[in-house]
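**Student:** Provided herewith is a single structure, encoded as structure tokens, for subsequent inquiry.
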Amino acid sequence: MKVKRLPKLKVSLLIVLIAMSQNLLALHKAKPQQIKLSILAPEGSTWMNIMHEFNKELKERTQGGLEFKIYAGGVSGDESDVIRKMRIGQIHAGGFTGVGLGQIVSDVRVLELPFIFREADEVDFVTSVLKKEFEKKFEEKGFIFLGWAEAGFVNIFSTKPLKTAKDLQKAKMWAWEGDPLVKALCKEFDIVPVPLFITDVLTSLQTGLIDSFYAPPLAAIALQWFTKVKYMTQPYLANATGAMVMTKKFHNQIPKQNQQILREVADKYSKRIIEATRKDNQESYQQLKKQGIEFVTIPPSELEEMTKTSLKVQSALIGRLYPKELLEKVLSKIREYRKSKVQS
């Protein structure tokens, strides 16, 4: 039986169509799944430099299957804007300070109470103990917790020296718009705050709307806020925590294998960010001195009174931000760590 041959023109056309379909399939396969990530940190900062390394390794480990598209420097808006965009699917993930995290799971703000931590090792001990608990709380709210980060210990910066509670009461102090913790702190310390979104702070310093703010030294430099003040108050006020989270909806769209890789790489770079942030914060103190920022110290007696007032802040936020049991657990773990350190 003779096999009917296709005309040469049809054979050529068929070969072309097969080649095109293979090319299109290859292009589709090569196209990475993009995680739209928003972060307040500006390009060139420690946080962003490490995020670019994170992104590079993520792409390599997933063989080009997964990558970040990063929106840095607050271009997506304040953290409340970013959370809203995440909930409607415009943004998939975010690197947040405690203020943003607290809008999802308010309990996390217990880690930013004034004067509870004395050193970074205490922070590490408590966050390691609470990690699984917080992972569960974020998942219940529709988010996947990818890893801790932090901005670091927070100091007060000002155009005039602030050494006492009365000095603070006279200051035009910035307060992050919508932050219940700072609102409670200002109430107990009799401070009249100027509520602003973080993206408005530099302009407000320039115009004189505010004359003081609180921030870790690295953030004060990265955001250029330090250029508008003359003084920094010691000791630090609190530790500013942070973390990276992703919507559960988008996370579920990532292939299982890449989900695991994402978690592994996120854990690695979460630790890198914390380590680098602490190192750079320490170096930032020297940079601030070189730039002419004068360090002023709260007198011991005044500091003792401020510490007592901070206990009122803790109590005022029970039931509003966190349950009493969680506060007691955090304070208990801090005492446990200090006791073990003394005994060792």
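**Student:** Only one of S80, S106, S76, S128 is touching a Leu at 6+ places or on another chain (Cβ under 6 Å) and either surrounded by fewer than 18 Cβ atoms within 10 Å (Cβ to Cβ) or without any contact (Cβ under 8 Å) to a residue 40 or more places away in the chain (or both). Can you tell me which?
**Tutor:** S106
**Student:** Right, here's the next one. Do any residues in the stretch 160-182 that are closer than 22 Å to A240 by Cα have Cβ atoms under 6 Å from those of residues that are open to solvent by 60 Å² or more (accessible area, probe 1.4 Å), where the two are at least six apart or on different chains, and which pairs are they?
**Tutor:** A175/P195; E177/P195; E177/F197
**Student:** Quick one: is V108 farther than 15 Å from L331 by Cα, of a type in the set (V, I, T) and either touching a strand residue (DSSP E or B) at 6+ places or on another chain (Cβ under 8 Å) or not in a strand (DSSP E or B) (or both)? I'd like the intermediate steps shown before the answer.
**Tutor:** Details: farther than 15 Å from L331 by Cα: no; of a type in the set (V, I, T): yes; either touching a strand residue (DSSP E or B) at 6+ places or on another chain (Cβ under 8 Å) or not in a strand (DSSP E or B) (or both): yes.
So V108 does not fit the description; no.
**Student:** Then there is this: Can you tell me which residue within the stretch 291-306, out of those that are assigned to a helix (DSSP H, G or I) and among the aliphatic types (A, V, I, L, M), is nearest to K163 (Cα to Cα)? Give the derivation first.
**Tutor:** Step one: list which residues in the stretch 291-306 are assigned to a helix (DSSP H, G or I), which gives 300-306.
Pick out the ones that are also among the aliphatic types (A, V, I, L, M) and you get 303, 306.
Working: L303: 9, M306: 11 Å.
Here the residue is L303.
**Student:** Please verify whether F145 is open to solvent by 40 Å² or more (accessible area, probe 1.4 Å), outside any helix (DSSP H, G or I) and modelled with pLDDT of 95 or more, treating the condition exactly as stated. Outline the logic, then answer.
**Tutor:** Working: open to solvent by 40 Å² or more (accessible area, probe 1.4 Å): no; outside any helix (DSSP H, G or I): yes; modelled with pLDDT of 95 or more: yes.
Considered against the rule, which asks whether it is open to solvent by 40 Å² or more (accessible area, probe 1.4 Å), outside any helix (DSSP H, G or I) and modelled with pLDDT of 95 or more, F145 comes out as no.
**Student:** Just to check your reading of the model, which residue among K136, K59, K132 is touching a strand residue (DSSP E or B) at 6+ places or on another chain (Cβ under 8 Å) and at pLDDT 95 or above? Even if it seems obvious, please write down each step before you answer.
**Tutor:** On the way: K136 fails: touching a strand residue (DSSP E or B) at 6+ places or on another chain (Cβ under 8 Å); K132 fails: touching a strand residue (DSSP E or B) at 6+ places or on another chain (Cβ under 8 Å).
Exactly one residue qualifies, and that residue is K59.
**Student:** Right, here's the next one. Quick check: is even one residue across the stretch 322-336 closer than 15 Å to E188 by Cβ and either assigned to a helix (DSSP H, G or I) or of a type in the set (V, I, T) (or both)? Walk me through it before giving the result.
**Tutor:** Taking the stretch 322-336 first, the residues closer than 15 Å to E188 by Cβ are none.
No; the residues of the stretch 322-336 include none that is closer than 15 Å to E188 by Cβ and either assigned to a helix (DSSP H, G or I) or of a type in the set (V, I, T) (or both).
**Student:** For the structure I just gave you, tell me whether Q234 is in a helix (DSSP H, G or I) and surrounded by fewer than 20 Cβ atoms within 10 Å (Cβ to Cβ).
**Tutor:** Working: in a helix (DSSP H, G or I): no; surrounded by fewer than 20 Cβ atoms within 10 Å (Cβ to Cβ): yes.
Judged against the criteria, Q234 is not a match.
**Student:** Scanning for something part of a helix (DSSP H, G or I), more than 30 Å from G64 (Cβ to Cβ) and basic (K, R), does the stretch 172-194 turn up at least one residue? Full working, then the answer.
**Tutor:** So in the stretch 172-194, the residues part of a helix (DSSP H, G or I) come out as 180-188.
Now narrow it down to the ones that are more than 30 Å from G64 (Cβ to Cβ): 180-188.
Cutting the leftovers down to basic (K, R) gives us 183, 187.
Yes: one or more hits.
**Student:** Name the single residue, out of those in the stretch 38-50 being in a helix (DSSP H, G or I) and open to solvent by 30 Å² or more (accessible area, probe 1.4 Å), that is modelled with the lowest pLDDT. Write out each step before concluding.
**Tutor:** Initially, the stretch 38-50 is screened for residues in a helix (DSSP H, G or I), giving 46-50.
Then keep just the ones that are open to solvent by 30 Å² or more (accessible area, probe 1.4 Å); that gives 47, 49.
Values: W47: 90, N49: 94.
Among residues in the stretch 38-50 that are in a helix (DSSP H, G or I) and open to solvent by 30 Å² or more (accessible area, probe 1.4 Å), the one modelled with the lowest pLDDT is W47.
**Student:** Further question: When residues of the stretch 195-207 are filtered for being open to solvent by less than 30 Å² (accessible area, probe 1.4 Å) and either among the aromatic types (F, W, Y) or free of Cβ contacts under 8 Å to residues at least 24 places away in the same chain (or both), how many remain?
**Tutor:** 1
**Student:** Please name all residue pairs, on different chains or six or more residues apart, with Cβ atoms under 6 Å, provided the first residue is in the stretch 279-299 and is over 15 Å from S158 (Cα atoms) and the second residue is open to solvent by less than 40 Å² (accessible area, probe 1.4 Å) and part of a loop (DSSP other than H, G, I, E, B).
**Tutor:** Pairs found: N281/P216.
**Student:** Which condition does A240 not pass, out of (1) under 30 Å from I91 (Cα atoms); (2) open to solvent by 70 Å² or more (accessible area, probe 1.4 Å); (3) not β-branched (V, I, T), if it passes all the others?
**Tutor:** If we test A240 against (1) under 30 Å from I91 (Cα atoms); (2) open to solvent by 70 Å² or more (accessible area, probe 1.4 Å); (3) not β-branched (V, I, T), just (2) comes out false.
**Student:** If I filter the stretch 22-37 for residues that are open to solvent by less than 30 Å² (accessible area, probe 1.4 Å), modelled with pLDDT of 95 or more and within 20 Å of V99 (Cα to Cα), do I get at least one hit?
**Tutor:** The initial filter retains those residues of the stretch 22-37 that are open to solvent by less than 30 Å² (accessible area, probe 1.4 Å), namely 35, 37.
Right, trim to modelled with pLDDT of 95 or more and you get 35, 37.
Right, trim to within 20 Å of V99 (Cα to Cα) and you get 37.
Checked the stretch 22-37: at least one residue is open to solvent by less than 30 Å² (accessible area, probe 1.4 Å), modelled with pLDDT of 95 or more and within 20 Å of V99 (Cα to Cα).
**Student:** Which ones in the stretch 153-171 are open to solvent by 20 Å² or more (accessible area, probe 1.4 Å) and either out of contact with any Pro (no Cβ under 9 Å at 6 or more places or on another chain) or outside any helix (DSSP H, G or I) (or both)? So that I can check it myself, show each step before the final result.
**Tutor:** Step one: list which residues in the stretch 153-171 are open to solvent by 20 Å² or more (accessible area, probe 1.4 Å), which gives 153, 156, 159-161, 163-167, 169-170.
F153, I156, T159, K160, P161, K163, T164, A165, K166, Q169, K170 - these are the residues of the stretch 153-171 that are open to solvent by 20 Å² or more (accessible area, probe 1.4 Å) and either out of contact with any Pro (no Cβ under 9 Å at 6 or more places or on another chain) or outside any helix (DSSP H, G or I) (or both).
The values are calculated or read from the model by the stated rules, or taken from the named source; none is laboratory data. This one's a predicted model, so the numbers in the text were calculated from it and none came from an experiment. Ideal geometry is used to build each Cβ from the backbone, glycine not excepted, and the neighbour counts take in all protein chains shown. Note: accessible area is taken over every heavy atom of the protein model, side chains too, but ligands, DNA and RNA are not part of it. Shrake-Rupley method; radii C 1.70, N 1.55, O 1.52, S 1.80 Å.
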